[in-house]
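First the structure, in the form of structure tokens, and then the observations on it.
The values are calculated or read from the model by the stated rules, or taken from the named source; none is laboratory data. These numbers come from a predicted model, not from an experiment. Counting neighbours? That spans all protein chains shown, and the Cβs are built from the backbone with ideal geometry, glycine included.
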Amino acid sequence: MKKYLLEIDGKKYDVEVDLSGSEPKVIVNGKKIDVKVNSDASSTENIKQVKKSPKKVSETKPNTIPESSNDPGDLKALMPGKVTKVIVSNGQNVKVGEPVILMESMKMEQTIVATKDGKISDINVSEGDTVEVGKIMIKIT
């Protein structure tokens, strides 16, 4: 199964496509989509059926292994998304539950909070960055 991150008219879609069987399997943002392929239609007719073409397409690596760390001070992305705001700065002291990053994923805003009291020792993301699941975004020591 190939994985793609599509951006269409400013909206991002995680798409998985498997063409190995008799019927294609397509999953968009975790939802299975029923797809029928018309083998009699010319490729031009198939293209005309797509009303909007992707602005950006990037193939993602299947079975990407998230960064491994069991340190509770390593704040990881829980789902793929876009960093909309980094609330803290390096050297700043934080308390458990204090917001440190705002993310947008599947049209929902997610607040990433400090998982322990400590000092921000490393910020690995910037506003506008797209992150994958498991990416260590901030370290708290």
Starting from residues that are assigned to a strand (DSSP E or B), more than 18 Å from the chain's Cα centre (by Cα) and not hydroxyl-bearing (Ser, Thr, Tyr), keep the ones in the range 114-138 and report whichever is surrounded by the most Cβ atoms within 10 Å (Cβ to Cβ).
ILE120
Failed criterion for LEU75 (all others in (1) outside any loop (DSSP other than H, G, I, E, B); (2) exposed (fewer than 11 other Cβ atoms within 10 Å of the Cβ); (3) modelled with pLDDT of 70 or more; (4) not charged (D, E, K, R) hold):
(2)
Verdict on ASN38 being outside any strand (DSSP E or B) and either at pLDDT 60 or above or touching a strand residue (DSSP E or B) at 6+ places or on another chain (Cβ under 9 Å) (or both):
yes
